[in-house]
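None of the figures in this text is laboratory data; all of them are computed from the coordinates on show. Model, not experiment: these values are computed from the prediction. FYI the Cβ positions are ideal-geometry reconstructions off the backbone, even for glycines, and counts take in every protein chain you see.
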Amino acid sequence: MTVEPPDTGSSGAGPADTDPLEALVARRGDAALETLAALRASDPPTTGGRVLSYVYDSGLEGVDRLAVRAAGLAHGVNGLDPTVFGSVARIHGGIVRRVRTILGGDAGDRPEGDDDEVHGVVTSGGTESCVLACLAAREVSGRAPGSGGTIVAPVTVHAAFRKAAHILGMRFVGVEVDPATGRVDAADLLAAVDHDTCLVVCSASSYPTGVIDPVEQVAAGLDAHHDPRIGLHVDACLGGLVLPFWPGGVGSTWDLRIDRVTSISADLHKYGFAPKGTSVLLSRGRVRHRASWFSTVDWPGYPVVNPTLSGSKPLEPAAAAWAVLEALGDDGQSELVARTARATGRLVEGLSRIEGLRVIDSDPGPLIAVVADGAVGDARRVHPHLWADECGRRGIAVQAQPAYRQERGALPSSSHLTITPVTERLTDEILDVARAAAEAVRGMPDPAPPAAFADVLVALDAGALSPDDLLALPEDEVHAMVAGVLAGDGDDGGMAPLLAAIERLPAEVGARLVRAYLAAVMEG
Ligand SMILES: *Cc1c(COP(=O)(O)O)cnc(C)c1O
């Protein structure tokens, strides 16, 4: 018996040479690729360090090349079914084991007598990991959706937990933080825990502030006084792969070595330097790990088991993330984080010297938040949103964050910088831009909302219009208002006016506004 080698379509006479559709598709495909390249050329650069949010650049071209090759090898696999595609179980398992080791979840790291092994699942990103942690908590608590089960967290926790509450029929209970430092008091957080609580969440680090929440104290309080079914999730989507490697080590105070921590999320597509689409949720014990899975045999199709929200899913992102983890190893990761830490230190030092701005004093980690310096007079103050827009015009993109209202006093308007290894090469350039941008806007009055919103804001302030009136406006009217702003401002208005509007509107109205804004951009 002779076995024919499989036809790879790359040599010899095969369907590729004879099917006329191949030639047609190749020609149109080339044109599509050309268009794509042109579109991408108008995006901000995803590598090179000039975009200080959204992207996480190792600064090593080899890492990106490796990720693309690994994704290519995984092309076409359906991660829906690891019983068919065995590589899925192996790749996911490899990622989970590596991250579990980094986050202190291996058997040897766990406290004496803890036989609850740590399990994990690979998800599409931080939001999905956080939503699944909340779903598991709801299920472990035995609460039905809509029955009042709560997620208790500092107000500085990532918005993904508010989204989880929205999707899962839970209630989000935000605990106020010190407006000057962004820190939550563990006692305040614990005071919000009651018989409705399914999950308490802490961040390491919190995205808007860079603060690492007091996980050890919260864990101790939960242990001593509360139902053991209440979960304690640490959102280390951002910090999970960078804090443990930070010079001096910033891990054991918030990770799985703390017995009471029941789950942790960590994003590979942040400080794992992997392409977008991979995060990990680690859970203590099989029950919690499996509580967020969905399975059914009650339909006429194949038996369904989904450990995550999606059905069919790619192996590409996970394969890329796995290959990058393997290639970097502990030593590579440590070196990249050391570069990140040096860059962060230099930028904090340089930014702190700019008159009119203040860097929020935060915990170790790669996040910087900058606010206006309240200690200088109006004439010398730098508004962080005007500053962010000016930095953007000079080729350095930083992220504006609106002020956040709470009863203890608002968290002020700020701008956010995410520092990555590549940033080290650019610290001088970034500081030059930061100084010039501050120079350009120093003493300027606070940004005003877009003119198109002026009438609405005046009516709101005067009480002629209530937030409910605004929420009742037909979608087409909201759309027209926002589309007008998009068309009117062009590129140069920056984000400051929109953020000024968000800061003045009730939060639900602001949410409606940004929804309309994105929709208008997508339709545009
Ligand atoms: C990025 C982030 C998330 C959400 O992750 P996505 O991957 O954007 O969905 C959640 N928590 C923190 C702290 C984050 O930084």
By Cβ neighbour count within 10 Å, fewest first, Ile264, Ile151 rank Ile151, Ile264
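Return the inverse of the average 1/r over all pairs of distinct C-alpha atoms in segment 214-308, which is the Kirkwood hydrodynamic radius, in Å to one decimal. Walk me through the numbers before you get to the answer.
Details: mean 1/r = 0.0655 Å⁻¹.
So the Kirkwood estimate lands at 15.3 Å.
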Among Tyr302, Tyr271, Tyr517, which comes first, then next, by fewest other beta-carbon atoms within 10 Å?
Tyr302, Tyr517, Tyr271
Over all directions, what mean area does the Cα convex hull of segment 30-100 project, stated in square nanometres?
7.2 nm²
So what is log10(I(q)/I(0)) for the chain at q = 0.07 1/Å, when the Debye sum runs over its Cα atoms only?
-0.44
Largest first and to the nearest Å, give the Cα extent of segment 406-524 along each principal axis.
51, 39, 25
Taking only DSSP H segments of four or more residues, each worth -39500 (n - 2.57), what value at 222 nm results for the chain once the sum is divided by all its residues, to the nearest 500 deg cm²/dmol?
-13500 deg cm²/dmol
Using alpha carbon centers only, segment 123-198 is separated from segment 284-317 by a whole-angstrom value of 23 Å
Which GluC sites (Glu not before Pro) in segment 275-357 pass both tests, a DSSP loop state and at most 14 other beta-carbon atoms within 10 Å?
Glu355
Size-normalised alpha-carbon gyration radius of segment 266-378, reference 2.2 N^0.38 Å
1.63
Proxy reagent accessibility, fewest Cβ within 10 Å first, across Phe161, Phe85:
Phe85, Phe161
Suppose we take every Cα in segment 69-325 and form the convex hull; what volume per residue is that in Å³?
127 Å³
